[in-house]
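A quick write-up on the structure given underneath.
The values are calculated or read from the model by the stated rules, or taken from the named source; none is laboratory data. Computed from a predicted structure; not experimentally measured. Note that we place each Cβ from the backbone using ideal geometry, even for glycine, and neighbour counts take in every protein chain shown.
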Amino acid sequence: MSEEKRVTFGSKLGVLMATVGSAVGLGNIWRFPYMLGENGGAAFLLVYIICILILGLPVMITEFFIGRHTHRNTAGAFKAVAPGTKWSLIGYNGVLAAFLILGFYSVIAGWTLEYLLQSASSSMSGKPVEVFTSEFNIFSSGIIRPIGWTIAFIAVTHIIIVSGVEKGIERASKIMMPLLFLILFVLCIRSLTLPNADKGLMFLFNPDFGKITSSVALSAMGQAFFSLSIGMGCLITYASYFNKKTNLQTTALQVTLLDTLVALLAAVMIFPAVFSFGIAPTAGPELVFITLPNVFAQLPLANLWSFIFFTLLALAALTSTISLHEVATAYMHEEFSFSRAKAASLVSAGVLILGIISSLSFGLLKEYTVFGLTFFELLDYVTAKIMLPLGGMMICIFVGLRVDRKILKAELTNRGTVPFYFFNTYAFFMKYVAPVLIGLVFLNELGLLKMIRRLIV
Ligand code: TRP
């Protein structure tokens, strides 16, 4: 595809906001707290931050490099750099991951719409904790309502995708990201001033190193990839819309910082409240949905807060679903020459089927499990814990092996016009540290490290 024909993001702020919009979403506010709760709190947080710094940042910069260097969609980018090789499998892994993630993500995104509507219609203040919990269970295990909301969410994503990159993605992100920060901040303060808030803070910030197991490490690594939108070429696709002046390094740094900040704010908003209301931190996917209504109920104008919060959460989810949808749509559009509308329709139809089955796996299909995981959990596990880290590892190996260092440096410094002080450190982490560490976490989780150790000793 020629460069002239390709759209680009309109402004510097637009680039940053659209990319932050992709990164910040349910991953930060819904998935991060529940992963943290299930994996022992502070120990998980520590491993998570390490993963962000030594895996997340290098992989993100590398994805930016591939995307802007080739100006192609995820699958096409690998074909452009290494034509006729098996490297394009990384791209297909990414496109498939986009489909699968959207399949379960849109269910939770749908839940935010239900809560948005409920805050507008029924009074929240004065309700005890148990009522919020049972209301959630009745809703999520139902059929019509959760599926209806899932479909609605996919439909809105579809419409924005069809109306184009710049108008849709950029405009939405620019307005809602700053608002989201503001409301998270206010809710943190409310949560911190609840009785027993200190127990939540202890859980969050006082690590018990004995709790760091291979499965905690895998969960933290998966969460880091999921939250930063890396490992499947989402940011390759976004960077393909960057212009030649975009500073790739600072953009990566800013996106990573903002994403991590939102996740931390979400944790500080949730955990003091979890302990204050006596909710189990290990509650799983429903954690945020049963904790937050209790926080709102403690505020004057409870319904208004709830309404604003779930509106922002829905919008944050939307800028993320847009980025996921865009990966698959750009691939179909550019590689098969379907019109954008047709490509988007095919993607939406596929996601709809996955979404409906995922939604039913909270109720009707709950008993149907594979390896003890429901359909929803399976999609989440396979993408976040396998496809994304594996994709990230392959992306690093690919650039490490196939791309000349000079070309890499020229692209990352905008042809020498911006400095990259830590280029050698970055290159070392990208080429050696990240692939080896990701490989070790996999081997460890599969129990293979133990076997190797036994063979050697
Ligand atoms: N990062 C987003 C979130 O935290 C979800 C997301 C968008 C994503 N695009 C992605 C996850 C690409 C993995 C890969 O909610």
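At-a-glance table
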{"item": "Scope the stretch 386-427; condition under 27 Å from the mean Cα position of the chain (by Cα) and of a type in the set (D, E); matching residues", "result": "E411"}
{"item": "Hits in the stretch 276-301 (condition: of a type in the set (S, T, Y) and either modelled with pLDDT under 90 or under 25 Å from the mean Cα position of the chain (by Cα) (or both))", "result": "T282, T291"}
{"item": "Test: residue in the stretch 233-242 that is within 15 Å of the ligand (Cβ to nearest atom) and within 30 Å of G447 (Cβ to Cβ)", "result": "yes"}
{"item": "Which numbered condition M221 misses (of (1) surrounded by fewer than 24 Cβ atoms within 10 Å (Cβ to Cβ); (2) within 16 Å of the ligand (Cβ to nearest atom))", "result": "(1)"}
{"item": "Qualifying residues in the stretch 20-40 (those that are of a type in the set (G, A, S) and crowded, with 24+ Cβ neighbours inside 10 Å) - the one farthest from the ligand (Cβ to nearest atom)", "result": "G37"}
{"item": "Set A98, A80: member being in a helix (DSSP H, G or I), of a type in the set (A, V, I, L, M) and buried (at least 19 other Cβ atoms within 10 Å of the Cβ)", "result": "A98"}
{"item": "Evaluation of R72 against (1) outside any helix (DSSP H, G or I); (2) within 16 Å of the ligand (Cβ to nearest atom); (3) charged (D, E, K, R) (one fails), failing number", "result": "(2)"}
{"item": "Within the stretch 243-259, considering residues that are within 13 Å of the ligand (Cβ to nearest atom) and surrounded by 22 or more Cβ atoms within 10 Å (Cβ to Cβ), the one nearest to the chain's Cα centre (by Cα)", "result": "D259"}
{"item": "Verdict on I108 being assigned to a helix (DSSP H, G or I) and crowded, with 22+ Cβ neighbours inside 10 Å", "result": "yes"}
{"item": "From K409, K431, residue being farther than 28 Å from I386 by Cβ, of a type in the set (D, E, K, R), in a helix (DSSP H, G or I) and free of Cβ contacts under 8 Å to residues at least 40 places away in the same chain", "result": "K409"}
{"item": "All positions within the stretch 91-140 that are more than 13 Å from the ligand (Cβ to nearest atom), within 30 Å of M394 (Cα to Cα) and of a type in the set (S, T, N, Q)", "result": "none"}
{"item": "Criterion: under 20 Å from Y48 (Cβ atoms) and modelled with pLDDT under 90 - qualifying residue of K174, K167, K127, K211", "result": "K211"}
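Rundown of residues vs (1) in contact with a helix residue (DSSP H, G or I) (Cβ under 7 Å, 6 or more places away or on another chain); (2) within 16 Å of the ligand (Cβ to nearest atom); (3) of a type in the set (K, R); (4) on the phi > 0 side of the Ramachandran plot, yes/no style:
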residue: T374; (1), (2), (3), (4): no, no, no, no
residue: L388; (1), (2), (3), (4): yes, yes, no, no
residue: G392; (1), (2), (3), (4): yes, yes, no, no
residue: R402; (1), (2), (3), (4): yes, no, yes, no
residue: I407; (1), (2), (3), (4): no, no, no, no
residue: T413; (1), (2), (3), (4): no, no, no, no
residue: V418; (1), (2), (3), (4): no, no, no, no
residue: M430; (1), (2), (3), (4): yes, no, no, no
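Let's see how each residue does on (1) touching a residue at least 40 places away in the same chain (Cβ under 8 Å); (2) within 16 Å of the ligand (Cβ to nearest atom); (3) assigned to a helix (DSSP H, G or I); (4) more than 18 Å from the chain's Cα centre (by Cα):
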residue	(1), (2), (3), (4)
N303	yes, no, yes, yes
L315	yes, yes, yes, no
T321	yes, yes, yes, no
G350	yes, no, yes, yes
G355	yes, yes, yes, no
L364	yes, no, no, yes
L378	no, no, yes, no
